[in-house]
1. Return the total of residues in the range 312-339 being part of a loop (DSSP other than H, G, I, E, B), at pLDDT 95 or above and either not small (G, A, S) or not assigned by TED's automatic domain parsing to the domain that holds I194 (or both).
2. If only one of L305, L278, L294 is hydrophobic (A, V, I, L, M, F, W, C) and not in a helix (DSSP H, G or I), which one is it?
3. Only one of (1) part of a helix (DSSP H, G or I); (2) touching a residue at least 24 places away in the same chain (Cβ under 8 Å); (3) more than 17 Å from V280 (Cβ to Cβ) is not met by Q241, so which one is it?
4. Within the range 60-92, how many residues are among the charged types (D, E, K, R) and either in contact with a helix residue (DSSP H, G or I) (Cβ under 7 Å, 6 or more places away or on another chain) or in a helix (DSSP H, G or I) (or both)?
5. Which numbered condition trips up P161, out of (1) assigned to a loop (DSSP other than H, G, I, E, B); (2) more than 16 Å from D338 (Cα to Cα); (3) at pLDDT 55 or above?
6. Looking at (1) at pLDDT 95 or above; (2) surrounded by fewer than 20 Cβ atoms within 10 Å (Cβ to Cβ); (3) of a type outside the set (F, W, Y), can you tell me which one G33 breaks?
7. For the range 244-271, what are the residues that are aliphatic (A, V, I, L, M) and part of a loop (DSSP other than H, G, I, E, B)?
8. Taking the conditions exactly as written (within 25 Å of H179 (Cα to Cα) and surrounded by fewer than 24 Cβ atoms within 10 Å (Cβ to Cβ)), does A91 satisfy them or not?
Amino acid sequence: MAAATPHLRAGTNSVQADPISLGIDIGGTKIEGVAMDGNEHLLACHRIPTREGSQAVHDDTVMLIRHLLDQLGPNQGPVTVGLGIPGRVDANRGMVDDAVNLGIHHMALGPAVAKTTGLPVRVENDVNIAALGAASQTGDTLMTPGATPHSQAARDQARRPATEPGRDGPRALPDHDDHTVAFINLGTGLAAGIISGDRIEHGASGAIGEIGHIPVDAHQFPCKCGQRGCLETVASGSAAQALWPGIAHPLPDLIAQAGQGNQQAQDVLDIIGHGIALAVQIVALTIDPAVIILGGGMSKTGQPLLDLVTEHLNRSAACSHFIASLSLPDRLRLAPADLPIAAIGAALAGRMAADSRPSDFIGKETAS
């Protein structure tokens, strides 16, 4: 992608370069980075394989930052960096704990990258930055129930006002600035990110949105957290693999097999569909967001996933006027599969680091 065109100040010959926001999504298999300008246009993208260990994650992150800056060329404006990573994250201090899939027990990721690059850095949990990236998208990119992705009808439907007479489709994102958006990450685990007024909600201990470990499922399957019946055991990618083993992409196969009359597949699909719908209800009843976006690996199933969750939400609504009154299917969206929303969210989160200096981090902690 081409670099941003610098803006000329009126009445002068000087050039004022656009600010640059770099976003790095550090995942278990790949590290993906983007560069954006002040108008949130993607200027560059790049990804590399993930290597485990604190030093490797630091080195690869720095290498990716430098690669993105090299792609942009000279005349860059001020640069900020946002990093998203699994595990428990102290966003204010840039600390990461227990990112087990990356081989990280404790690491001062923000201070280390800030010291090496000389750039302001902010670190956030990976689900939170995916939530921020997804919430930044419009009705043009978020798929709605019953709509074909990227079709003109879907775009027209998403643009209509929520109060339009005769409207039979879901709402677009509200126009006001203080709306709340929830992002449910249906990945290896299950968690939610909450965006309120375009900012990430963290809670008192950073555990906000950890809905996967609410023990409410009657099957009482054991969870890695030590409990039984956690929502994650029936509403996640790992749950689908455990309940329908031996298939690389179990959810699409389950949907296909159930459609062909396979009763065992239908029984498993009911467990998963009910679990995800329950996750939606929990988020809706505790946060009451205007929009609930489904993302993560399972979301790549596409429209059939929305149809499955909508079916189970409608089952609950059929026996509860209260649930029916919430119009939960109307709030559902599917995160776009063709955009690096986590890296975009990291870039947006990184702008919060603009007022800090690398020296604010340096010396406070060291990687371990």
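The values are calculated or read from the model by the stated rules, or taken from the named source; none is laboratory data. All values reported here derive from a predicted model rather than from experimental measurement. Counting neighbours? That spans all protein chains shown, and the Cβs are built from the backbone with ideal geometry, glycine included.
1. Going through the range 312-339 one residue at a time, the tally reaches 2.
2. Sole residue among the options that is hydrophobic (A, V, I, L, M, F, W, C) and not in a helix (DSSP H, G or I): L294.
3. Status for Q241: all satisfied but (2).
4. So the count comes out to 3.
5. (3)
6. (2)
7. I247, A248
8. Taking the combined requirement at face value, the residue satisfies it.
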